[in-house]
Amino acid sequence: MRYSLRQLEVFLAAAHFENITRAADSLAMSQSAASSSLRDLEQQFDIQLFDRVGKRLQLNGLGRLLRPKAEALLEQAQAFERDLKQHREEGLLKLGATLTIGDYLAVDMMAQYLRENPGADVNLVVANTESIARMVENYELDIGLIEGELQHHDLDVIKWQEDNLVVFCAPDHPMAGKSELTDADLMGLVWVVRESGSGTRQAFDRAMHGILPGLNIRHELQHTEAIKRAVAAGLGVGCLSEFTLCEAIAQGSLVPLPVPHRDWHRQFYIILHKQKYRGPGIDRWLKLCETYTAS
């Protein structure tokens, strides 16, 4: 672009005051800077916009023709600047979450965030850990909330909430009344678990270290609710986050199975791109994460 908005401001101020000194004062510029700006505009396009009579500047025919177009263009630029300032504090936050977090934590967090920041908006993408990490890496998401452990040289990985996996079955399953399951019991079960690439599956595989090859993993499903329904229907035993099972266990539709000798603890993480600009919206979400407690 061969002209600047500042040059248009000088042109319009000069047209209004018909005097370069008064025009410069109105724009908080020196007289020489305003004169230079107007002269450069005319020279760049080899035109003359004013008839100069002493110290007075009077629009000529071309100047009168271009004045309303310059006013409209400058008004649009000012409106754009107002929009930028308006959305500097609040704006669209692109959030990604893995399935457990997305279904059981993120929606409540979004509601709290929007109550506290009425001018803001949040888009939520729910996918597995690998997908969320890839979208954060590609700047498609501002923040990711994930269940799986991750190491990536372009991403900051911040510890967040703690969680525990729970082994569970249907109330009429043969193991439902057992006080404690052994490794032999675990290897004798039919399992319905999350797919590879999910944080829940990563934690499950780690917890089953040493006996994983001997497990009968019959079904791998991508959705938490599908696993709960499959287990309730008698298709096998499942293993999911305690966040996802509280209601079903309280209602008696699913039964927890004690496996105390295995480590079911895991960590939730916040991920951000190291080069991502962290504006006020991201800062506010991170503060919410620090104080949020799941109900």
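The values are calculated or read from the model by the stated rules, or taken from the named source; none is laboratory data. These figures come from a predicted structure and were not determined experimentally. Please note: Cβ atoms are built from the backbone with ideal geometry, for glycine as well, and neighbour counts cover all protein chains shown.
With respect to Leu186, determine if the residue is assigned to a helix (DSSP H, G or I), on the phi < 0 side of the Ramachandran plot, out of contact with any Gly (no Cβ under 8 Å at 6 or more places or on another chain) and in contact (Cβ under 8 Å) with a residue 60 or more places away in the chain. Let's see the steps before the verdict.
Working: assigned to a helix (DSSP H, G or I): yes; on the phi < 0 side of the Ramachandran plot: yes; out of contact with any Gly (no Cβ under 8 Å at 6 or more places or on another chain): yes; in contact (Cβ under 8 Å) with a residue 60 or more places away in the chain: yes.
Answer is yes for this residue.
What residue, among those in segment 197-255 that are of a type in the set (Ser, Thr, Tyr) and part of a loop (DSSP other than H, G, I, E, B), is farthest from Gly148 (Cα to Cα)? Walk me through how you get there before you give the answer.
Here is the first cut: in segment 197-255, the ones of a type in the set (Ser, Thr, Tyr) are 198, 200, 224, 241, 244, 253.
Okay, now just the ones that are also part of a loop (DSSP other than H, G, I, E, B), so 198, 253.
Details: Ser198: 7, Ser253: 28 Å.
By that ranking, first place goes to Ser253.
Return yes or no: is Gly102 surrounded by 19 or more Cβ atoms within 10 Å (Cβ to Cβ), outside the structural domain of Glu247 (by TED's automatic domain parsing), within 38 Å of the chain's Cα centre (by Cα) and assigned to a helix (DSSP H, G or I)? Steps first, answer last, please.
Numbers: surrounded by 19 or more Cβ atoms within 10 Å (Cβ to Cβ): yes; outside the structural domain of Glu247 (by TED's automatic domain parsing): yes; within 38 Å of the chain's Cα centre (by Cα): yes; assigned to a helix (DSSP H, G or I): yes.
Considered against the rule, which asks whether it is surrounded by 19 or more Cβ atoms within 10 Å (Cβ to Cβ), outside the structural domain of Glu247 (by TED's automatic domain parsing), within 38 Å of the chain's Cα centre (by Cα) and assigned to a helix (DSSP H, G or I), Gly102 comes out as yes.
Please pick out the residue among Gln44, Gln58, Gln112 that is over 30 Å from Ile282 (Cα atoms) and either touching a strand residue (DSSP E or B) at 6+ places or on another chain (Cβ under 8 Å) or in the same structural domain as Arg284 (by TED's automatic domain parsing) (or both).
Details: Gln44 fails: either touching a strand residue (DSSP E or B) at 6+ places or on another chain (Cβ under 8 Å) or in the same structural domain as Arg284 (by TED's automatic domain parsing) (or both); Gln112 fails: over 30 Å from Ile282 (Cα atoms).
Within the list Gln44, Gln58, Gln112, the selection yields Gln58.
Would you point out which residue out of Glu149, Glu195 is of a type outside the set (Val, Ile, Thr), surrounded by fewer than 20 Cβ atoms within 10 Å (Cβ to Cβ), at pLDDT below 95 and outside the structural domain of Leu257 (by TED's automatic domain parsing)? Break it down into steps so the answer makes sense when it comes.
Numbers: Glu195 fails: outside the structural domain of Leu257 (by TED's automatic domain parsing).
Unique residue meeting the criteria: Glu149.
Quick test of your reading of the structure: Val259 fulfils all but one of (1) closer than 27 Å to Ala127 by Cβ; (2) surrounded by 14 or more Cβ atoms within 10 Å (Cβ to Cβ). Name the failing condition by number.
With (1) closer than 27 Å to Ala127 by Cβ; (2) surrounded by 14 or more Cβ atoms within 10 Å (Cβ to Cβ) applied to Val259, the lone miss is (1).
Which ones in segment 1-35 are under 41 Å from the mean Cα position of the chain (by Cα) and not hydrophobic (A, V, I, L, M, F, W, C)?
Hits for segment 1-35 are Arg2, Tyr3, Ser4, Arg6, Gln7, Glu9.
Assess whether Cys239 counts as being under 32 Å from the mean Cα position of the chain (by Cα) and in contact (Cβ under 8 Å) with a residue 24 or more places away in the chain.
On the way: under 32 Å from the mean Cα position of the chain (by Cα): yes; in contact (Cβ under 8 Å) with a residue 24 or more places away in the chain: yes.
In short, yes.
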